[in-house]
Structures are given as C-alpha cells and as structure tokens.
Amino acid sequence: RLAGRAALAQGVTEAAPDFAYLELDDSGLATACEAEDLDGIDRAGALREAAAALLAESTDVDRSAAEREVARAALARLFAYAQAIGA
C-alpha cells in the first residue's frame, strides 16, 4: 500500500549516506492503492480530488498498462510528499 511504499523509499533515503551508491529500483514493485489511503494525502480539497483522480486512472481498464502505472507512481509520489509535509 502507499504507506509501505513511502516508508521503503524513506528508509532507502536514510540509508543512502552509508553506501557509496544506493538506488531503489522499484520498477517491479506493485503498489496497492485503496480509497482509505487517500486520507493520508488529504481529507478534502484540491489534493484529495487530484489523489482520487489518480486512483481512478490507476484502476481504469480502458487505459493502457503504462498509463495506469504512471497514475500509480504519481499517486505514490503525492502520498510521499503529503507525508513529508505533514511530518
């Protein structure tokens, strides 16, 4: 889910200074997104609407797999930013 993915990315960021080179390759990592995850972004307003639109796009079978993946990645990034700002 989004919280786990954000925690993984944060852990890699925190561990990176201990290594000469550390990069997270999350290309094979699937992220499950549910409506409850959107509360971690915002409960109302423009951010919530953007998150809801990205969630809808990420599950829209009329879109290509690449478009759905872009929407999932954007939603994960939005979640991570919202968590960083709220922390």
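The values are calculated or read from the model by the stated rules, or taken from the named source; none is laboratory data. Note that the structure is a prediction, hence the values are computed from the model and not measured. With ideal geometry, Cβ positions are generated from the backbone for all residues, glycine too; neighbour counts draw on all protein chains shown. Accessible surface is based on the protein model in full, side chains and every heavy atom, while ligands, DNA and RNA are left aside. Shrake-Rupley method; radii C 1.70, N 1.55, O 1.52, S 1.80 Å.
Per residue, the accessible area of region 41-87 comes to 65 Å² when a 1.4 Å probe rolls over the protein heavy atoms.
Only alpha carbons enter this Debye calculation for region 1-66, each as an equal point scatterer, and the log10 of I(q)/I(0) it gives at q = 0.25, 0.28, 0.29 Å⁻¹ is -1.10, -1.19, -1.22.
Label Ala30 and Glu67 with points 7 Å out from Cα along Cα→Cβ: what is the distance between them in nm? Result: 2.1 nm between the two label points. Of the peptides 46-54, 68-76, the order by per-residue mean of other Cβ atoms within 10 Å, starting with the highest, comes out as 68-76, 46-54. Accessible surface of the chain, 1.4 Å probe: 56 percent of it comes from carbon and sulfur atoms. Sorted on the mean count of surrounding Cβ atoms within 10 Å across their residues, most packed first, peptides 55-66, 31-42 read 31-42, 55-66. Spacing of the modelled spin labels on Ala3 and Ala44, each 7 Å from Cα toward Cβ, amounts to 2.3 nm.
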